[in-house]
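What follows is a set of notes on a single structure, which appears directly below.
The values are calculated or read from the model by the stated rules, or taken from the named source; none is laboratory data. Keep in mind that what you see is a predicted model, and the values were worked out from it rather than measured. Here the Cβ is made from the backbone with ideal geometry for all residues, glycine too, and neighbour counts use every protein chain on show.
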Amino acid sequence: MTALKPLENRRVRGVAAERYPLNEHCSHPRCKEHAVDPHHIFPRSEIGGDSWFVAIDDDKLGHGPWPHVTGLCRTHHDDLEEHRAWIKIEEGFIYVWYVRKDDEWLRLGALNPQPPSGDPKAKKAVQRPRKTGEERRQRGTVTLRVPKDADEDGAGLLDDAIELAEEYLSPESPRSPYYTIMDALNAVILGNVEKVT
């Protein structure tokens, strides 16, 4: 299978140019694995060859030439080829990684590094001890501390927020708070929510 096109524009062609050094680590926004495969973001069948640069007939984006080959680990290369992920071009000619969730595409973040950069910026790894096996699955109740004073009713605010989120996420068939909270957290984890600064 061929990866999805990053741009709905049929006026794209390969440009003869010298290849650049491939990035050493996978350009997926959160992956630290070594890159093993050069991935052509514009499919070779679309650009008519194996060129690492493309020209695009598009006044809004500019004409290029634009580098479009990036190094990926095997897992993320397969995700693109099997349409579990998609690299799209966004404003400023930035390549952005999207992941499929059901019938939607969720924005994960910009490639790191962007072609033709060789070294990625530091990628944050989240390392927290995780519950496993029975300890993880058998919990029936989770306790959450919330503020409760004259200025703030944390429990009431939390109830209201969950109810509003559920009206947005599943207006036709309300679910338990667990599923609402998990969907909201997954949106943050997958990069579908702006960071608070």
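Values computed for the structure shown
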{"quantity": "Selected residue [in a strand (DSSP E or B), hydrophobic (A, V, I, L, M, F, W, C) and either over 21 Å from Leu190 (Cα atoms) or not assigned by TED's automatic domain parsing to the domain that holds His83 (or both)] from Ala55, Ala17", "calculated": "Ala55"}
{"quantity": "Residues of segment 70-100 classified as modelled with pLDDT of 90 or more and not in a strand (DSSP E or B), total", "calculated": "12"}
{"quantity": "Identity of the residue in segment 19-48, among the polar types (S, T, N, Q) and more than 18 Å from the chain's Cα centre (by Cα), that ends up surrounded by the fewest Cβ atoms within 10 Å (Cβ to Cβ)", "calculated": "Ser45"}
{"quantity": "Test: residue in segment 116-135 that is outside the structural domain of Glu18 (by TED's automatic domain parsing) and at pLDDT 80 or above", "calculated": "yes"}
{"quantity": "Check on Glu152, of a type in the set (Asp, Glu) and at pLDDT 80 or above", "calculated": "no"}
{"quantity": "Hits in segment 140-158 - residues which are exposed (fewer than 12 other Cβ atoms within 10 Å of the Cβ) and more than 19 Å from Thr180 (Cα to Cα)", "calculated": "Pro147, Lys148, Asp149, Ala150, Asp151, Glu152"}
{"quantity": "Long-range neighbours under 7 Å by Cβ, at least six apart or interchain, first residue under 14 Å from His76 (Cα atoms) within segment 108-125, second surrounded by fewer than 16 Cβ atoms within 10 Å (Cβ to Cβ) and at pLDDT below 65", "calculated": "Asn112/Lys121; Asn112/Lys123"}
{"quantity": "Selected residue (criterion: modelled with the highest pLDDT) from residues of segment 5-43 that are more than 19 Å from Cys73 (Cβ to Cβ) and hydrophobic (A, V, I, L, M, F, W, C)", "calculated": "Phe42"}
